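Here is the structure we will look at, set down as structure tokens.
The values are calculated or read from the model by the stated rules, or taken from the named source; none is laboratory data. Predicted model, so just to flag it, every value in this text is computed and none were measured. Quick reminder, even Gly has a Cβ in these numbers, built from the backbone with ideal geometry, and neighbours come from all protein chains shown. The accessibility values were calculated without ligands, DNA or RNA, using every heavy atom of the protein model including side chains. Shrake-Rupley method; radii C 1.70, N 1.55, O 1.52, S 1.80 Å.
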Amino acid sequence: VAANVKGVQLGLVNVGQTSDFSLGLLNVMVREPLYVDASIGHTGSLTAGLKHGSKYIRWSYLGGFDPFIPAPTWRLGLGLGAHVPFEKLFFDLDLIGMGVVAAGDPIYRTSQLVDLRFAVGWQFARRFAMYAALDAKAQISALTNHDELVPGIAQRVSADTDTAQVYVWPEFTLGVRF
């Protein structure tokens, strides 16, 4: 527990007014905003969630839906990212992990999605920003309907077997944060 942290705050639970760099399981910074983030990818992938953290490190709690692939999927996940602000301009680098389940399938039938996102944004007001991002995505699926769970631009990078399949693809994303 601290007031205003200049430097690193490291712990399981970090609480303070503000912090430059807090890394812990739970980070509560009273004067750092809690953001709502929503985006759409060029494949039609819809994602929304919450972001919070310190001035330079942000946690993300996300959910999403992919309605335009052969077997529409739901996603739920967690991310950790770096935020680098320059006046109104900012850069974000996020690593996101998500569980993916086809709509109508039982929850235990999941694939795993890893997303590395580089975003450039503009802070129009204290509580409103827009950004464009380039995502590198990889999905690991041990299910039988592999090809139906990824967008058409995804490339399989694993052998064609009945075991787990790995797909990769780039995605261009536009988003808002408020």
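Screening PHE124 against (1) open to solvent by 70 Å² or more (accessible area, probe 1.4 Å); (2) in contact with a Ser or Thr (Cβ under 9 Å, 6 or more places away or on another chain) leaves a single unmet condition, (2). Quick one: which residue in VAL157, VAL150 is modelled with pLDDT under 90 and open to solvent by less than 20 Å² (accessible area, probe 1.4 Å)? Only one candidate passes the filter, namely VAL150. Being open to solvent by 40 Å² or more (accessible area, probe 1.4 Å), in contact with a helix residue (DSSP H, G or I) (Cβ under 9 Å, 6 or more places away or on another chain) and either assigned to a strand (DSSP E or B) or of a type outside the set (A, V, I, L, M, F, W, C) (or both) holds for only one residue in PRO70, PRO85, PRO106, and it is PRO70. Looking across ILE69, ILE153, ILE107, one residue alone is touching a residue at least 40 places away in the same chain (Cβ under 8 Å) and in contact with a Gly (Cβ under 9 Å, 6 or more places away or on another chain). It is ILE69.
Considering ILE96, ILE107, ILE69, the condition of being under 24 Å from VAL150 (Cβ atoms) and touching a Pro at 6+ places or on another chain (Cβ under 6 Å) is satisfied by ILE69 alone. When ALA142, ALA138 are checked against the criterion of being at pLDDT 90 or above and either at negative phi or open to solvent by 40 Å² or more (accessible area, probe 1.4 Å) (or both), ALA138 stands alone in meeting it.
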